1. Roughly how many whole Å is it from the C-alpha centroid of the stretch 303-338 to that of the stretch 393-414?
2. What net charge is computed for the residues neighbouring residue 341, neighbours being all others with C-beta under 11 Å from the C-beta of residue 341, Lys and Arg scored +1, Asp and Glu -1?
3. I'd like the per residue volume of the convex hull spanned by the Cα atoms of the chain, given in cubic angstrom.
4. For 321, 455, which order do you get if you count the other beta carbons within 10 Å of each Cβ and list the fewest first?
5. Normalising by the residue count of the stretch 2-227, find the relative contact order in percent from Cα pairs under 8 Å and 6+ residues apart.
6. Using the beta-carbon distance between residue 48 and residue 231 and R0 = 51 Å, what value does 1/(1 + (r/R0)^6) give for FRET efficiency, to the nearest 0.05?
7. Please report the relative contact order for the stretch 241-481, taking Cα pairs under 8 Å with a sequence separation of at least 6, and give it as a percent rounded to a whole number.
8. Roughly how many nanometres apart are two label points built 7 Å out from the Cα toward the Cβ at residue 286 and residue 423?
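Please treat every number below as a calculation from the coordinates, not as lab data. Nothing here was measured: the structure is a model prediction, and the numbers come from that model. Neighbour counts are summed over all protein chains in view; Cβ atoms, including those assigned to glycine, are modelled from backbone coordinates with ideal geometry.
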Amino acid sequence: MFRITSATAADLFDIAATRRIEETAAKALPPHTLMQRAGLAVARFAMAVAPHARVVWVACGPGNNGGDGFEAAAQLQRRGFRTVATRIGDDDRLPADAQASLRRAREAGVTFAEAPPTQYELAVDALLGIGSARAPSGAMLDWLRRMAEGTAPVLSIDTPSGLDADTGAMAANYLQADSAQARRICLSLLTLKPGLFSAHGRDAAGEVWFDDLGVAGIVDSPVARLPGLPAATRRHHASHKGSYGDVAVIGGAPGMAGAALLAGSAALNAGAGRVFVALLDPGAPALDQLRPELMFRRPDTLDLSGMTVVSGCGGGAAVGELLPHILQTADALVLDADALNGIAADPALQKLLKARSGLSTVLTPHPLEAARLLGSNTGEVQRNRLAAAQDLAKRFGAIVALKGSGTVIAQPDGTPVINVTGNARLATAGTGDVLAGMVGAALAARLAPMAATCEAVWRHGDLADQWPEEIPLTAGALAGGCLPVAR
Ligand SMILES: NC(=O)C1=CN([C@@H]2O[C@H](COP(=O)(O)OP(=O)(O)OC[C@H]3O[C@@H](n4cnc5c(N)ncnc54)[C@H](OP(=O)(O)O)[C@@H]3O)[C@@H](O)[C@H]2O)[C@@H](O)CC1
Ligand SMILES: Nc1ncnc2c1ncn2[C@@H]1O[C@H](COP(=O)(O)OP(=O)(O)O)[C@@H](O)[C@H]1O
Ligand SMILES: [K+]
């Protein structure tokens with residue numbers, strides 16, 4: 001059993017694969033073994049989370065997730081914890097494994113009650129796991145709300161109830177209320193599921209822990225993976241600024257120069273050899289007093305071959321006119337914000353983007369920009385972020401970083417990555433421009449595009465995770481805090 005952190009590299013399996021893996025494992029073991037292992041793992045974990053609990057409330061659902069709850073309740077009761085179970089569903093409709101665990105809970109002396117205890121020190125959410133099929137309602141929803149609003153920690157077995165384990169979409173809104181304050185922990189069993197790490201998954205799950213139930217040697221295909229720490233790279237003594245490449249930031253239409261400067265500053269601090277800024281505002285000053293290292297050029301005077309171009313940050317409509325040239329000549333390319341909006345609105349630009357297939361091209365849309373490119377809407381993108389990012393990557397033959405909680409990095413062929421660094425302090429204007437600059441620096445340093453994007457997204461989120469509580473996180477400060485790709 002271990003905790004998932006930003007350093008964890010792991011495969012993620014969807015519900016279909018998890019069921020296949022479970023079936024294969026169950027066939028090789030005596031009956032009920034997996035559920036007994038699951039219950040024991042949960043009970044041990046519960047004792048570590050709340051060692052002094054006088055009462056543990058276990059809320060059990062109508063399927064095998066409820067069965068895990070009965071089994072955990074039995075184990076806890078046997079170890080001297082007063083365990084109160086509330087349950088949804090009829091005995092005769094329980095799956096066989098869960099029926100066996102219900103009997104064991106009764107034999108162990110678990111108290112079965114109609115209503116949750118008024119006082120408890122730990123709540124175990126065993127209502128729904130990977131079989132969640134619709135939004136919780138009635139007593140189930142009431143119990144989930146009570147848990148979320150209580151002061152005791154909530155331990156979700158396998159997945160938080162109501163969460164789509166494949167997508168991280170949340171069927172119920174019981175976590176949305178300001179009154180939802182409880183510490184949340186999730187013990188994922190047998191496999192780690194992608195939905196725990198993206199969309200609503202991170203809020204719903206809280207801390208994620210994993211127990212493989214003793215089932216090793218999984219042969220199924222992962223649907224995504226957690227990337228782990230970026231590879232450590234170092235600057236060789238015999239290197240020079242050319243070794244770390246040139247970045248050209250093209251953006252900053254009138255009134256939006258700041259976005260391009262943020263990207264330029266981030267690229268510089270992330271270790272690019274030289275950074276040029278081509279502002280689309282003809283009246284903009286040609287020097288940044290605070291960043292004299294940035295070299296200002298007119299957009300039409302830059303030779304983009306051999307350069308990594310970061311385009312679109314504060315680009316306005318003006319960037320659209322330059323896009324044909326940029327798409328055809330940039331050696332490596334990061335397309336953000338208005339560059340993406342321009343491409344979404346123009347089939348001819350889409351054709352040019354597709355024609356770059358094979359070159360280093362990275363798209364960094366937020367969900368609305370992704371929706372424009374896909375011709376859908378943000379709700380649809382957020383309902384399945386993995387699918388949206390993969391669809392874009394395949395459609396345009398590029399690496400795609402779909403931003404937001406649990407940024408998804410997809411490639412045209414190959415397993416996508418879900419990034420687990422970052423937090424809601426990044427939800428402030430300009431942090432996306434900083435990311436675009438960081439991706440640019442990583443590409444300029446000649447990292448492969450998928451690795452460059454994963455590394456930049458990881459570091460961008462990690463900066464926010466390490467940010468001191470008492471210092472406001474602004475995009476400018478974030479750009480200033482970027483650490484070089486190679487040190
Ligand atoms: N696979 C594994 O690796 C292992 C699996 N294990 C455990 O089993 C769990 C999967 O069990 P599962 O397949 O029985 O599904 P589960 O989540 O209990 O829910 C299905 C039940 O809920 C019902 N239902 C659905 N939505 C509802 C709603 N909104 N409101 C009310 N009811 C709703 C649905 O009823 P129906 O839709 O038919 O009406 C059905 O009765 C898994 O997450 C893990 O904890 C471990 O023991 C060992 C290893
Ligand atoms: N709640 C959040 N959790 C984690 N990361 C977030 C969150 N909100 C925003 N971010 C990150 O902050 C950045 C915002 O980018 P973007 O929406 O393009 O902003 P802007 O256009 O203002 O620069 C992205 O990297 C995104 O992943
Ligand atoms: K659960």
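1. 19
2. -3
3. It is 153 Å³ per residue.
4. By the 10 Å Cβ count, ascending: 321, 455.
5. 25
6. 0.95
7. About 21 percent, as a whole number.
8. So the label points at residue 286 and residue 423 sit 4.5 nm apart.
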